[in-house]
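Every read-out reported here was derived from the displayed coordinates using simple, explicitly stated rules and does not represent laboratory data. Note that the structure is predicted; figures quoted are calculated from it, not measured. When we count neighbours, we look across all protein chains shown, and the Cβ atoms used for this are built from the backbone with ideal geometry, even at glycine.
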Amino acid sequence: MSTFRFRFLRPPSGTGPVPHGAAAAGPRRWRLRERDPGRDTMRLVLAMVLITQLERSDAAGCEPGEYPNGTECCPMCAAGWRVFKHCTARSSTTCIPCVEGTYTDHPNGLTRCRTCKLCDEGANLVTAAACTYTKNTVCGCRPGHFCSSPGPEGCAVCQPYTVCVPGTMVKEWGTATKDHVCEVCPPGTFSSANMSVACTPGPNGAGVRALTAWSGFEVHGGERGSNNCSCAGSRC
C-alpha cells in the first residue's frame, strides 16, 4: 500500500486554464502527492548504519575475542593471564600471567585471576587434580567414600560407603558417585564377614543369628523377626 504526505501547492483560480505567469487568485486548496518509497528506504538504511556506528562507539558491539572498556573494544588476555592495563585508542591491552594459587580458564578481560579452590577435608575431600594457571582444582573423595554431591568442577561432598555387615551380602557395588547396596541373606543362609558377596547355606535362622550376634543381640527360637531377645554383649 502506498503512503502519502501532504504538500502545499498553489492551485489555479477560476474554472479555466491560467496563463503562464499569471497570478493565481481565489481560495487556497490542497492536493495529495504520492511519497517516494525509494527515498524512504534509503533514509532507513542510513539510519541503521548510524545506529550501528553509535553502538560500536560505546563498545556494545565488540567482536569475539574482545571485551568492552568504555568506548573501546579491547583484545582479551589468554587463559592463564589477566589484564594489567586496558587498551586505549593508541595502545592494545597489556596482559600479565596469573601468580601461584590463581588461574583463569578462558580468554578474558579480568583484572584479577580467580583463586584456586581448596578441597575441604571436613567434607571427606582430597585433591584429585591440582590447580594450574589455566584450570581450577578438582576435588575427589577419600578412599572408602563416594561423591554424594557432584559438581561441574569435581565433587563438593563425599560420604563413606555403607558396610554390608554379617547376615547380609553385597547386592550392588558402589561407584564413584553411588553407595553400596546391601541385601539381607535369604532364609536358610548366612554370611559371617563384612562385605560378603554371597550368603552360605546353613541351618534355618543362621543368617539372623549371625546378624544379631554382630549387633550385640541374640535371637531365641531361631525364627526371623522374633522379638524374644536377650543381651549377648555389651550393647543392649
Quiz item: Can you list the residues, at least 5 places off or on another chain, whose amide H is less than 5 Å from the amide H of MET76, using H built in the peptide plane?
Solution: GLU66, TYR67
Exercise. Report relative contact order for segment 85-132 in percent, whole number only (criteria: Cα-Cα under 8 Å, sequence separation at least 6).
Key: 28
Exercise. Please tell me the relative contact order of segment 121-160 in percent, rounded to the nearest whole number, where contacts are Cα pairs under 8 Å and at least six residues apart.
Key: 38
Exercise. Amide H neighbours of THR127 under 5 Å, at least 5 residues apart or on other chains, H built in the peptide plane: list them.
Key: GLY140
Quiz item: Amide H to amide H, which residues 5 or more places from VAL157 or on other chains are under 5 Å from it, using H placed in the peptide plane?
Solution: SER148, SER149
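Would you please name the trypsin sites (Lys or Arg not before Pro) within segment 70-111 that are DSSP coil residues with at most 14 other C-beta atoms within 10 Å of their C-beta? Don't jump to the answer; show the numbers that get you there.
Values: sites: ARG82, LYS85, ARG90; in loops: ARG90.
Here the trypsin sites (Lys or Arg not before Pro) that fit, given the DSSP loop and packing criteria, are ARG90.
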Quiz item: What FRET efficiency do you get for VAL181 and ARG114 if R0 is 35 Å and r is their Cβ-Cβ distance, rounded to the nearest 0.05?
Solution: 0.35
Practice problem: Calculate the spin-label point distance for HIS86 paired with HIS106, positioning each point 7 Å from the Cα along the beta-carbon direction, and give it in nanometres. | Solution: 2.1
Quiz item: How many angstrom lie between the C-alpha centres of segment 150-187 and segment 62-84?
Solution: 48
Quiz item: LYS85: which lysines have alpha carbons under 30 Å from its alpha carbon, excluding same-chain residues fewer than 8 sequence positions away?
Solution: LYS117, LYS135
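Given R₀ = 41 Å, FRET efficiency for VAL163-VAL138 by Cβ-Cβ distance, to 0.05? If you can, show how the numbers build up before the last one.
Details: r = 28 Å, r/R0 = 0.67.
Step by step, r from the Cβ atoms, then E = 0.90.
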Self-check item: In Hz, Karplus ³J(HN,Hα) per residue of segment 160-165 (6.51, -1.76, 1.60; θ = phi - 60°; x = Gly, Pro)
Solution: x, 5, 5, 9, 7, 7
